[in-house]
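Novice: Got a structure here, written out as structure tokens. Questions coming.
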Amino acid sequence: MSHPKPEKKSSEPKSFGWMAEYEDENKLLDAARKVRDSGYTRIDAFTPFPVHGIDEALGIKPTVLPWFTFCAGATGTLTALTMQWWMNAYDYPYIISGKPFASWPAFIPVTFELTVLFSAFMTLFAMLGLNGLPKLSNALFNNPRFDRATDDRFFLWVDSRDKYFNSDKVRNLLADTGAIEVDEVKEDDSSDIVPRKLVLAILTAIGATLIPGVIVLNMRNSKSSSPRWHVFFDMDYQPSKRPQSKTTLFVDGRSQRQPVQGTIARGDLDLADPYELGYDPDQLADSRSASTRLVSLNAQDGQETGSEQAGDAASEDGAMAAASEAELPWVQEFPEGVVSEEMFQLGKLKFEQNCSVCHGYSGYGDGLVSQRALNLAQGYWLQPTSLHDDRILEQPVGRIYYTIKNGKGKMGGYAASLNAEERWAVVLYVRALQRSQNASQADVPEGVDLELGAAE
Amino acid sequence: MASNIPNDNVTLPANWRGLAPILVAAGCVCVLLSLGLCYFASGTGEEAVGIRVFSLSYLSSFMFCLSFCLGSLFFVMVQHLVRASWSASIRRIAELLAFTIPWWSLLFLPVLALVIFTNEPWIYPWNVGAGQGLPAIVESKLQFLNPLWFTIRILVYFGVWIFAARWYFSMSRKQDESGDSEITLKLQKWAGPLIMLFALALNFGAFDIMMSTDPAWFSTIYGVYLFAGSMLSFFAVMIILCYLLQRNGRLEKMVNTEHFHDMSKFQFGFIVFWGYIAFSQFLLYWYGNIPEETLWYKHRMEHGWQYIGLLLIACHFALPFLGTMSRYVRRRKALMASWAGFILFVHWIDLMFLILPQEGIPVSFMLIAGNLVCLIGMICLFAALFTLRVGDTSLVAVKDPWLPEALAYQVGP
């Protein structure tokens with residue numbers, strides 16, 4: 001099918017076959033059938049309106065385009081479902097309207113859209129590709145008679161690149177089909193220099209597209225005393241409230257709402273668990289029920305009743321702190337599953353990340369923050385507690401856990417940074433530190449040859 | 001142009017008409033048999049649900065035939081409205097299908113009698129009336145859902161349908177003799193207003209006849225849902241009818257592959273439209289999750305109905321969607337006729353799913369069997385009615401001014 005590329009300076013324009021002109025579509029259809037039956041395949045017809053049966057007359061095979069569309073549509077469906085499942089159920093699970101993470105009904109609209117989008121784009125681009133479009137020029141346009149293809153004339157073209165093309169035979173064949181004119185299709189040999197005006201217009205257009213960017217750049221790098229221009233005013237000033245702010249919308253003036261009575265926030269179900277609290281709430285409730293001086297706790301569901309703080313589960317710890325902490329029934333032994341090598345490693349990691357800045361890597365209260373504060377010698381710095389004080393050594397594990405969770409004195413609570421498991425891991429690590437710094441000869445395991453250092 | 005019209009056999013096969021008495025007998029036997037079968041359908045509670053199951057089965061089978069008749073009426077009107085020429089050779093069959101509505105609506109009389117003369121809640125729970133322990137939400141709707149007002153509305157709906165069906169059929173028949181193209185212009189002119197009336201009647205008819213079987217529930221898209229099913233089943237019926245007629249040597253030149261292809265395209269379109277409407281209704285209620293809106297779906301998600309629902313997704317949408325997507329399939333008449341049969345089968349399941357799953361009615365073998373036998377009986381009755389209604393009438397509007405264009409219809413190889 002390949003043909004020699006014409007020489008640039010060739011005096012004779014290259015021929016692209018023959019074009020026949022007809023006065024009505026029936027003659028065109030007859031001619032097309034005749035040419036088709038003569039074995040030519042590279043033929044095409046040009047008509048002012050769609051002509052029924054032209055595909056069959058030209059011998060055009062059914063297109064493969066639907067397969068492109070179908071495959072793209074199926075890809076769109078799978079892409080959308082996978083994407084949404086991965087986003088909503090796997091990578092960033094987030095509860096929306098109380099629905100499951102993988103809410104297939106909610107995925108369907110997006111799936112529908114992506115299916116349509118993928119198949120539409122694929123159909124367009126595959127159509128362009130299969131048709132060899134865009135085509136900026138066609139030799140047919142050289143003939144001024146061809147202009148009437150969009151008006152009232154019908155054209156049939158036999159391409160010279162056809163396998164069986166023979167110039168004379170084709171011309172005679174077309175002349176026999178009732179054509180009113182048979183012309184040779186000649187290569188466009190007009191100058192291929194782009195007109196100056198077109199170049200100018202294109203450059204102007206490119207220049208114009210840069211203007212918005214230049215304006216934006218200018219505005220980003222200059223200062224102005226006039227107020228900002230709000231493109232989307234209600235996006236800049238949203239009616240939503242910030243945390244801890246006031247509002248006139250509710251009677252109590254708070255913008256944040258209390259949890260609905262009788263409900264427990266997600267993750268707070270373990271409020272009555274010693275593992276979570278560091279002390280045994282059941283035991284506490286038993287001892288409290290005897291006395292009438294303090295709030296009665298319904299420890300079973302972690303909710304206070306009979307007090308003005310009813311329903312505010314978060315204030316429970318506050319109430320506890322107000323009560324004498326020494327009285328709390330602390331957890332005395334490590335809960336099940338805490339004492340293990342993995343928990344020790346986790347505790348070490350978390351201790352060094354969160355605690356060592358003040359308490360120091362060995363727990364003597366000589367962390368970098370403390371050293372710096374002492375160097376500044378501002379007088380009011382209270383050195384962090386040494387974990388090897390007798391007071392701390394005597395504390396039960398639940399007490400240390402409670403301090404990590406809720407803070408003590410200047411130390412803030414770490415409930416937000418460490419979950420229950422991590423807190424117990426840190427307690428375990430603190431115990432190990434205490435043991436390591438206050439060890440005696442008896443702690444050395446049998447068979448370990450210990451060489452005492454100079455410090456001894 | 002009249003000379004272009006081929007010499008085709010355009011009458012109903014005589015042996016079809018001969019079947020009418022047998023069909024009527026078979027239909028009556030099936031409906032009675034269905035009563036017996038439904039009697040043994042089990043309920044979830046102590047109460048016997050047999051009579052309710054039968055009444056609802058009767059309603060759903062009645063609606064099965066009425067739905068595609070309404071679809072055909074809409075088809076006739078919309079072809080005139082858009083001045084479609086391609087359909088001129090098949091439009092008469094649609095006119096004839098719609099023309100059965102005047103007689104077919106008589107079969108709604110038992111339901112109407114149940115509402116007017118009794119207080120039984122077999123089909124419509126609101127029928128028991130005020131102060132009978134209905135939920136407050138239903139009690140407040142009794143101003144709308146009461147026997148008198150219900151009857152008036154039903155008469156209006158059927159009145160609109162019957163008028164439109166009779167008018168389009170008789171005018172088209174008149175043209176068979178005179179060939180007057182003014183008639184076509186007149187039919188075109190009134191298609192718009194009549195379609196609006198038709199849409200209102202269909203929409204509110206769906207609310208009254210079908211949706212009020214669960215009076216607490218409401219869905220504004222319900223009428224469109226029924227419309228989607230009506231059009232879908234109408235195209236399925238058309239494909240099957242044209243196929244059967246051609247098998248019997250009728251309409252061989254009048255209805256060509258292009259017409260089949262186009263009816264199949266429409267059927268495909270309405271498969272998607274049905275899926276779209278059904279899913280839209282579900283998605284909004286599922287997302288909103290408001291008890292009074294979700295109760296209807298709750299009845300359809302328990303006691304075995306959930307499997308019917310899943311079956312609908314697979315067989316009313318996914319399977320025919322993929323199956324009739326290809327041009328190759330759509331241009332094979334026998335293949336499309338089998339797909340059309342499948343569509344009618346799932347349309348039956350769809351109507352069952354819309355009407356049968358009421359409080360206390362689980363899926364049971366007897367329910368399905370009773371409903372299916374009832375449907376077969378009603379289809380027999382409908383077929384008999386159709387053949388009698390057609391009689392000697394030509395199956396093609398032979399002097400329709402669009403007919404030559406419809407016969408020259410061709411789109412591709």
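Novice: How about segment B:261-301: which of its residues are in contact (Cβ under 8 Å) with a residue 40 or more places away in the chain and over 18 Å from B:Ser230 (Cβ atoms)?
Specialist: B:His261, B:Asp262, B:Tyr285, B:Glu292, B:Glu293, B:Leu295, B:Trp296, B:His299, B:Arg300
Novice: Enumerate the pairs (first residue in segment A:339-362 and β-branched (Val, Ile, Thr); second residue anywhere and surrounded by 16 or more Cβ atoms within 10 Å (Cβ to Cβ)) with beta-carbon separation below 8 Å, excluding pairs fewer than 6 apart on the same chain, so at least 6 apart or on different chains.
Specialist: A:Val339/A:Leu428; A:Val357/A:Gly367
Novice: Hey, which of the helices (runs of 4 or more DSSP H) in segment B:265-362, taking only ones fully inside, have at least 3 residues that are away from chain A (no Cβ under 14 Å)?
Specialist: Values: elements: B:291-299, B:305-312, B:319-323, B:327-330, B:333-355.
Those helices (runs of 4 or more DSSP H) span B:291-299, B:305-312, B:333-355.
Novice: How many residues does segment A:251-264 contain that are open to solvent by 100 Å² or more (accessible area, probe 1.4 Å) and assigned to a loop (DSSP other than H, G, I, E, B)?
Specialist: Result for segment A:251-264: 4.
Novice: Based on this model, can you work out whether A:Thr248 counts as surrounded by fewer than 11 Cβ atoms within 10 Å (Cβ to Cβ), modelled with pLDDT of 85 or more and polar (S, T, N, Q)? Can you show your working first?
Specialist: Values: surrounded by fewer than 11 Cβ atoms within 10 Å (Cβ to Cβ): yes; modelled with pLDDT of 85 or more: yes; polar (S, T, N, Q): yes.
The answer is yes for A:Thr248.
Novice: From the list A:Leu418, A:Leu387, pick out the single residue that is touching a residue at least 60 places away in the same chain (Cβ under 8 Å) and part of a loop (DSSP other than H, G, I, E, B).
Specialist: Values: A:Leu387 fails: touching a residue at least 60 places away in the same chain (Cβ under 8 Å).
Every option except A:Leu418 fails the conditions.
Novice: Quickly run through segment A:177-228 and pick out the residues that are touching a residue at least 24 places away in the same chain (Cβ under 8 Å) and either part of a loop (DSSP other than H, G, I, E, B) or exposed (fewer than 10 other Cβ atoms within 10 Å of the Cβ) (or both). Steps first, please.
Specialist: Kept after step one, since they are touching a residue at least 24 places away in the same chain (Cβ under 8 Å), are these residues of segment A:177-228: A:177-189.
A:Thr177, A:Gly178, A:Ala179, A:Ile180, A:Glu187, A:Asp188, A:Asp189 - these are the residues of segment A:177-228 that are touching a residue at least 24 places away in the same chain (Cβ under 8 Å) and either part of a loop (DSSP other than H, G, I, E, B) or exposed (fewer than 10 other Cβ atoms within 10 Å of the Cβ) (or both).
Novice: Let me ask you something else. Name every residue in segment A:366-384 that is in a loop (DSSP other than H, G, I, E, B) and farther than 27 Å from A:Pro335 by Cβ, in order of residue number. Break it down stepwise before answering.
Specialist: Going residue by residue through segment A:366-384, those that are in a loop (DSSP other than H, G, I, E, B) are A:366-367, A:377-384.
Of everything in segment A:366-384, those that are in a loop (DSSP other than H, G, I, E, B) and farther than 27 Å from A:Pro335 by Cβ turn out to be A:Asp366, A:Gly367, A:Ala377, A:Gln378, A:Gly379, A:Tyr380, A:Trp381, A:Leu382, A:Gln383.
Novice: Additional query: Checking B:Gly229 against (1) touching a Gly at 6+ places or on another chain (Cβ under 8 Å); (2) more than 14 Å from every other protein chain (Cβ to nearest Cβ), only one condition comes out false. Which one?
Specialist: Every condition holds for B:Gly229 apart from (1).
Novice: Of a type in the set (Gly, Ala, Ser), surrounded by fewer than 18 Cβ atoms within 10 Å (Cβ to Cβ) and more than 23 Å from A:Val182 (Cα to Cα): is that true of A:Ala80 in this structure?
Specialist: Values: of a type in the set (Gly, Ala, Ser): yes; surrounded by fewer than 18 Cβ atoms within 10 Å (Cβ to Cβ): no; more than 23 Å from A:Val182 (Cα to Cα): yes.
When the stated conditions are applied, A:Ala80 does not pass them.
Here's the yes/no breakdown for (1) under 30 Å from A:Asp151 (Cα atoms); (2) within 10 Å of another protein chain (Cβ to nearest Cβ); (3) in contact with a Leu (Cβ under 8 Å, 6 or more places away or on another chain); (4) touching a residue at least 24 places away in the same chain (Cβ under 8 Å):
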position: A:Tyr22; (1), (2), (3), (4): yes, no, yes, yes
position: A:Val35; (1), (2), (3), (4): yes, no, yes, yes
position: A:Thr47; (1), (2), (3), (4): yes, no, yes, yes
position: A:Thr77; (1), (2), (3), (4): no, no, yes, yes
position: A:Pro93; (1), (2), (3), (4): no, no, no, no
position: A:Lys99; (1), (2), (3), (4): no, yes, no, no
position: A:Ala102; (1), (2), (3), (4): no, no, no, no
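Novice: A:Ala442: open to solvent by 40 Å² or more (accessible area, probe 1.4 Å) and in a helix (DSSP H, G or I), yes or no?
Specialist: Working: open to solvent by 40 Å² or more (accessible area, probe 1.4 Å): yes; in a helix (DSSP H, G or I): yes.
So A:Ala442 fits the description; yes.
Novice: Kindly provide the set of residues from segment A:109-143 that are among the small types (Gly, Ala, Ser) and open to solvent by 50 Å² or more (accessible area, probe 1.4 Å), ordered by number.
Specialist: Within segment A:109-143, the first condition is being among the small types (Gly, Ala, Ser), and the residues that meet it are A:119-120, A:126, A:129, A:132, A:137, A:139.
Of everything in segment A:109-143, those that are among the small types (Gly, Ala, Ser) and open to solvent by 50 Å² or more (accessible area, probe 1.4 Å) turn out to be A:Ala120, A:Gly129, A:Ser137.
Novice: Do any residues in segment B:338-362 that are on the phi < 0 side of the Ramachandran plot have Cβ atoms under 7 Å from those of residues that are open to solvent by less than 10 Å² (accessible area, probe 1.4 Å) and assigned to a loop (DSSP other than H, G, I, E, B), where the two are at least six apart or on different chains, and which pairs are they?
Specialist: If the second residue must be open to solvent by less than 10 Å² (accessible area, probe 1.4 Å) and assigned to a loop (DSSP other than H, G, I, E, B), the pairs left are B:Trp339/B:Thr324; B:Phe353/B:Arg300; B:Pro357/B:Arg300; B:Ile361/B:Val49.
Novice: With the requirement that a residue be open to solvent by 100 Å² or more (accessible area, probe 1.4 Å) and among the hydrophobic types (A, V, I, L, M, F, W, C), what does segment A:229-244 give you?
Specialist: A:Trp229, A:Phe232, A:Phe233, A:Met235, listed by residue number.
Novice: Another question, if that's okay. Does segment B:398-406 contain at least one residue that is more than 14 Å from every other protein chain (Cβ to nearest Cβ), buried (at least 18 other Cβ atoms within 10 Å of the Cβ) and of a type in the set (D, E, K, R)?
Specialist: Scanning segment B:398-406, I find at least one residue that is more than 14 Å from every other protein chain (Cβ to nearest Cβ), buried (at least 18 other Cβ atoms within 10 Å of the Cβ) and of a type in the set (D, E, K, R), so the answer is yes.
Novice: Against the definition (in the same structural domain as A:Pro48 (by TED's automatic domain parsing) and part of a helix (DSSP H, G or I)), how does A:Trp157 come out, yes or no? Give the derivation first.
Specialist: On the way: in the same structural domain as A:Pro48 (by TED's automatic domain parsing): yes; part of a helix (DSSP H, G or I): no.
The answer is no for A:Trp157.
Novice: Just to be sure before I move on: is A:Ala57 hydrophobic (A, V, I, L, M, F, W, C), more than 49 Å from the chain's Cα centre (by Cα) and either within 14 Å of another protein chain (Cβ to nearest Cβ) or outside any helix (DSSP H, G or I) (or both) in the structure I sent?
Specialist: On the way: hydrophobic (A, V, I, L, M, F, W, C): yes; more than 49 Å from the chain's Cα centre (by Cα): yes; either within 14 Å of another protein chain (Cβ to nearest Cβ) or outside any helix (DSSP H, G or I) (or both): yes.
Answer is yes for this residue.
Novice: Go through segment B:73-121 and give me each residue that's outside any helix (DSSP H, G or I) and not basic (Lys, Arg).
Specialist: Quick first cut of segment B:73-121, residues outside any helix (DSSP H, G or I) only: B:82-85, B:90, B:100, B:118-121.
Answer for segment B:73-121, where residues must be outside any helix (DSSP H, G or I) and not basic (Lys, Arg): B:Val82, B:Ala84, B:Ser85, B:Ile90, B:Thr100, B:Thr118, B:Asn119, B:Glu120, B:Pro121.
The values are calculated or read from the model by the stated rules, or taken from the named source; none is laboratory data. As the structure is a computational prediction, the values presented were derived from the model and not from experiment. Note that each Cβ is placed from the backbone with ideal geometry, even for glycine, and that neighbours are counted across all protein chains shown. All accessible areas refer to the heavy atoms of the entire protein, side chains included, with ligands and DNA or RNA removed. Shrake-Rupley method; radii C 1.70, N 1.55, O 1.52, S 1.80 Å.
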